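Structure, as structure tokens:
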Amino acid sequence: MYCHTWNPNCLLAIYDALLPSTLFSLKTYGILYFLKSLIDKRGKIHKIEWKTFVFKTIRSSLFIVCTCILFMLWFCTFRRFLGFVTWPTLSFLNGFATCLVTVWIETKQRRALLLPYLLNLF
């Protein structure tokens with residue numbers, strides 16, 4: 001039983017998911033942080049702090065990409081190590097291991113907001 005039906009190889013499946021998840025997260029967080037910056041600066045584009053905007057976009061995108069990649073990696077690792085898949089190994093173990101790593105990528109202020117999101121992985 002595979003988590004990734006598009007490619008039977010675990011590493012190639014993770015590689016296949018890397019580019020689409022990166023592009024999706026950059027577009028999503030780019031729009032969100034741009035709108036937030038625009039609202040904070042009351043519509044004055046020339047007052048936006050572009051270094052901060054780019055840094056926050058990349059940081060949040062890295063969080064989502066790492067969540068995607070590590071979830072798949074842990075799933076494959078537990079499946080290969082145990083030789084079978086059960087409900088705890090399908091969701092809980094790899095979700096918990098992923099959350100432990102990825103929650104530290106984001107800022108302290110956003111961690112409390114991200115925990116309910118990450119709990120959906122379980």
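The values are calculated or read from the model by the stated rules, or taken from the named source; none is laboratory data. Worth saying up front: this structure is predicted, and the values here are computed from it rather than measured. Neighbour counts are summed over all protein chains in view; Cβ atoms, including those assigned to glycine, are modelled from backbone coordinates with ideal geometry.
Quick notes
- Which listed residue is of a type in the set (Ser, Thr, Tyr) and modelled with pLDDT of 90 or more, from Ser91, Ser61: Ser61
- Residue that is modelled with the lowest pLDDT [pool: residues in the stretch 11-43 that are more than 14 Å from Lys56 (Cβ to Cβ) and of a type in the set (Gly, Ala, Ser)]: Gly43
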